[in-house]
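Report on the structure given below.
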Amino acid sequence: LTKLRAGLNKGDSFLTRDLGTLFSGDKLRDDAIEELESRLLMADAGIEATTWLIERLQSEVNAGRVKNEKQLRAVLKKFLVELLSPVSKPLVIPPFIKPYILFVAGVNGVGKTTTIGKLASRLKKEGKTVLLAAGDTFRAAAVQQLTTWAERADVPILSQGEGADSASVIFDAVQSAKSRGIDVVIADTAGRLHTQAHLMEELRKIKRVVQKHDPYAPHEVLMVVDATTGGNALTQALQFHEAIGLTGIAITKLDGTAKGGILLAIARRMALPVRFVGLGEGVEDLEPFDAEAYAEALIN
Ligand code: GDP
């Protein structure tokens, strides 16, 4: 929580900075709602989540329940939690699904490889056996980078040469996991191809191929988005969702310059479970998402 707070507002919340100035006496100033609305939009919360929050805030104000800074802060937090709670669902890996097949998707640069490494390390510490599948075969450096992360997390990795068929790498990894009794396969997937249509087709293909092993696979399709890219994160998630059907989101780089409002936009628009938040470049810097902690970090 400390790290999240430090990342999101550097001790000076975008949303609740100088809240006292929005009051004159025990009344919220006339322009205060407008000011809060623009603060939310500036923080990438998007029109829909902003409208949702502002409508609720307005009715609290009308009912005379927002008379000072403390009340305003409490009301904001309450509605932020209400918005985020439905998407606060941790990744739970049932022990009877073996191997549990987890795809990790996202465009290049968002932190996909790093997130896979952190996740592998976390699952291993929980006592699970993990195998990485280097399915991002299009980019030369991707396999090497993932191999470095596999070493760091101390888990095995299955890869083929650059330009190998992604679906066949992942298919083989699942086969190998089955015969070795491995609990979880984390499959990296392409983050960019010649064209967007080609990328989406590739993702559909690996899904079809893996379903030859298990008709219910992949059990999780975790989309990685970069909080610092603002509205692009939502656009990417919508595109990937249409192509392969996402089941969860991990949002990275919340330790950077991101204001973190994009998660409100994603929650409101997609209602997809937010599994993890990325808070740095180290192996430990991945935490399960918690609505209460996130709301707290946004306002304090
Ligand atoms: P990929 O292209 O999506 O696989 O992205 P990478 O995993 O290679 O990450 C791209 C860059 O973002 C690297 O320099 C990572 O160290 C950095 N990165 C990834 N996640 C985080 C995070 O949560 N916080 C910060 N500050 N940097 C991150």
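The values are calculated or read from the model by the stated rules, or taken from the named source; none is laboratory data. From a predicted model like this one, the values you see are computed outputs, not experimental measurements. No Cβ is skipped: glycine too gets one built from the backbone with ideal geometry, and neighbour counts run over all protein chains shown.
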Checklist entry - Regarding Thr252, is this residue within 16 Å of the ligand (Cβ to nearest atom), among the polar types (S, T, N, Q), out of contact with any Asp or Glu (no Cβ under 6 Å at 6 or more places or on another chain) and under 18 Å from Leu4 (Cα atoms)? => result no
Next on the checklist: Of all residues being assigned to a helix (DSSP H, G or I) and among the hydroxyl-bearing types (Ser, Thr, Tyr) in the stretch 1-51, which is nearest to Glu281 (Cα to Cα)? Just the residue, please.
Outcome noted: Thr2
Next on the checklist: Would you confirm whether or not the stretch 250-263 contains a residue that is of a type outside the set (A, V, I, L, M, F, W, C), closer than 28 Å to Gly163 by Cα and surrounded by 15 or more Cβ atoms within 10 Å (Cβ to Cβ)?
Outcome noted: yes
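Just checking, which of Val92, Val81, Val110 is surrounded by 19 or more Cβ atoms within 10 Å (Cβ to Cβ) and either in contact (Cβ under 8 Å) with a residue 60 or more places away in the chain or under 21 Å from the mean Cα position of the chain (by Cα) (or both)?
Working: Val92 fails: surrounded by 19 or more Cβ atoms within 10 Å (Cβ to Cβ); Val81 fails: surrounded by 19 or more Cβ atoms within 10 Å (Cβ to Cβ).
When all the criteria are applied, what remains is Val110.
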Item to check | Number of the exception - Arg275 against (1) in contact with a Pro (Cβ under 7 Å, 6 or more places away or on another chain); (2) assigned to a helix (DSSP H, G or I) | outcome: (2)
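Determine which member of the set Ile182, Ile170, Ile101, Ile157 is within 22 Å of the chain's Cα centre (by Cα) and modelled with pLDDT of 95 or more.
Details: Ile182 fails: within 22 Å of the chain's Cα centre (by Cα); Ile170 fails: within 22 Å of the chain's Cα centre (by Cα); Ile157 fails: within 22 Å of the chain's Cα centre (by Cα).
Just a single option satisfies the conditions, and that option is Ile101.
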Item to check | Scope the stretch 170-187; condition in a helix (DSSP H, G or I) and touching a helix residue (DSSP H, G or I) at 6+ places or on another chain (Cβ under 9 Å); matching residues | outcome: Ile170, Phe171, Val174
Item to check | Of residues in the stretch 65-74 being touching a residue at least 12 places away in the same chain (Cβ under 8 Å) and surrounded by fewer than 18 Cβ atoms within 10 Å (Cβ to Cβ), the one farthest from the ligand (Cβ to nearest atom) | outcome: Lys67
Item to check | Candidates Leu254, Leu298, filtered to the one that is part of a loop (DSSP other than H, G, I, E, B) and at pLDDT below 95 | outcome: Leu254
Item to check | Hits in the stretch 113-154 - residues which are surrounded by fewer than 22 Cβ atoms within 10 Å (Cβ to Cβ), outside any helix (DSSP H, G or I) and either within 15 Å of the ligand (Cβ to nearest atom) or touching a residue at least 12 places away in the same chain (Cβ under 8 Å) (or both) | outcome: Lys128, Thr129, Phe138, Arg139, Asp154
Item to check | Filter pass, Glu55 being of a type in the set (D, E, K, R) and either in contact with a helix residue (DSSP H, G or I) (Cβ under 8 Å, 6 or more places away or on another chain) or in contact (Cβ under 8 Å) with a residue 40 or more places away in the chain (or both) | outcome: no
Item to check | Residues (within 16 Å of the ligand (Cβ to nearest atom) and either touching a Leu at 6+ places or on another chain (Cβ under 6 Å) or among the polar types (S, T, N, Q) (or both)) located in the stretch 267-292 | outcome: Arg275, Phe276, Val277, Gly278, Leu279, Asp285
